[in-house]
Amino acid sequence: MSSPGARRWFDSHCHAQERYEADPAVLARATEAGVAAVVCIGTDPESSAQALELAAAPPPGGPRVFATVGLHPHEAAQGIAETAALLERSLAAGPRPVAVGECGLDYFYEHSPRAAQRDAFAAQIALAHAHDLTLVVHARDAWDDIFGILSTEGVPERAVLHCFTGGPDEVRRCLDAGMYVSFSGIVTFKNAQEVRDAVVLCPLERLLIETDSPFLAPVPHRGERNEPGYVSVVGEYVAELKGVPAADLAAATTATAAEAFAVTPG
């Protein structure tokens with residue numbers, strides 16, 4: 001991991017709230033790695049509520065914690081009523097979420113029927129519009145339907161395509177739609193050349209970095225349980241691809257994440 005100092009990283013997508021209960025030191029280690037802020041992502045009502053609780057009472061001395069409320073496409077079959085109700089309550093009484101999601105389509109696993117996924121995605125796009133919140137999008141093996149639904153429903157003013165797994169064509173579609181694009185530890189994987197090509201094409205003012213922890217630990221930690229502190233490893237790798245100093249990449253991606261989620265990182 002990197003040392004703190006000038007490199008102040010922003011993990012734009014993690015599930016630290018789910019790990020924090022078992023290992024409270026996870027966020028302390030993020031601070032040691034120079035992480036200034038994290039976005040804890042909700043994937044169902046339970047994990048969304050956990051994220052909100054952690055954002056309301058983060059550990060002293062740790063990174064700033066932001067939370068989202070969303071229903072992952074894997075859980076779409078349960079319907080969005082409970083998730084939408086949690087979102088409405090948190091907006092009314094706090095703690096306030098910074099985004100809706102993660103939501104979207106996953107045609108690789110298809111844990112929920114495709115029709116249910118599409119309905120839940122459209123409904124959450126509508127919630128982001130209604131409450132002027134950022135939309136966090138999950139896309140796997142479903143690019144055409146993702147962009148089709150976004151076109152029909154309208155892309156919110158701020159939308160993040162998280163854990164980007166496409167190539168140059170897909171990143172251009174994201175940029176043309178006005179979206180931010182977030183890159184995870186996948187960019188370090190040997191078989192991810194198309195993702196690396198997309199990094200090179202993506203301008204820094206639209207580029208975010210993330211861990212998606214506890215999943216997708218970057219090389220050289222692949223196979224381990226991922227955590228927010230490893231966003232520094234992703235960032236340093238992306239900096240090499242972009243041909244910029246790591247400190248500059250940290251500053252740029254932190255500023256872009258702050259813009260994407262309409263927050264102040266520190």
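The values are calculated or read from the model by the stated rules, or taken from the named source; none is laboratory data. Note that the structure is a prediction, hence the values are computed from the model and not measured. When we count neighbours, we look across all protein chains shown, and the Cβ atoms used for this are built from the backbone with ideal geometry, even at glycine.
For the reader, a short list of remarks on this structure follows.
- Test result for Ala130, outside any helix (DSSP H, G or I) and either surrounded by fewer than 17 Cβ atoms within 10 Å (Cβ to Cβ) or among the aliphatic types (A, V, I, L, M) (or both): no
- Residue that is surrounded by the fewest Cβ atoms within 10 Å (Cβ to Cβ), among those in the range 214-263 that are within 17 Å of Tyr180 (Cβ to Cβ) and β-branched (Val, Ile, Thr): Val263
- Any hit, the range 159-168, residues being of a type outside the set (A, V, I, L, M, F, W, C), surrounded by fewer than 17 Cβ atoms within 10 Å (Cβ to Cβ) and under 20 Å from Asp11 (Cα atoms): no
- Of the criteria (1) within 30 Å of Gly223 (Cβ to Cβ); (2) free of Cβ contacts under 8 Å to residues at least 40 places away in the same chain; (3) under 15 Å from the mean Cα position of the chain (by Cα), which one Leu135 fails: (1)
- Taking the listed residues Glu75, Glu18, Glu102, the one that is within 18 Å of the chain's Cα centre (by Cα), closer than 24 Å to Thr254 by Cα and assigned to a helix (DSSP H, G or I) is Glu18, with no other qualifying.
- Restricting attention to the range 170-187 and to residues that are over 17 Å from the mean Cα position of the chain (by Cα), farther than 15 Å from Arg140 by Cα and not small (Gly, Ala, Ser), the residue that is surrounded by the fewest Cβ atoms within 10 Å (Cβ to Cβ) turns out to be Asp176.
- Among the candidates Thr68, Thr83, residue that is polar (S, T, N, Q), surrounded by 15 or more Cβ atoms within 10 Å (Cβ to Cβ) and in contact with a helix residue (DSSP H, G or I) (Cβ under 6 Å, 6 or more places away or on another chain): Thr83
- Count of residues meeting criterion [closer than 18 Å to Phe261 by Cβ and not in a helix (DSSP H, G or I)] in the range 209-229: 5
- Residues that are assigned to a helix (DSSP H, G or I), free of Cβ contacts under 8 Å to residues at least 40 places away in the same chain and touching a helix residue (DSSP H, G or I) at 6+ places or on another chain (Cβ under 9 Å), drawn from the range 54-65: Leu54
- Residue that is modelled with pLDDT of 95 or more, part of a helix (DSSP H, G or I) and either more than 16 Å from the chain's Cα centre (by Cα) or at positive phi (or both), where the choices are Ala251, Ala257: Ala251
- Tabulated pairs, the range 104-116, first closer than 22 Å to Val155 by Cβ, second surrounded by 15 or more Cβ atoms within 10 Å (Cβ to Cβ) and among the charged types (D, E, K, R), C-beta under 7 angstrom, 6+ apart or interchain: Leu105/Arg118; Leu105/Asp145; Asp106/Arg140; Tyr107/Arg114; Tyr107/Arg140
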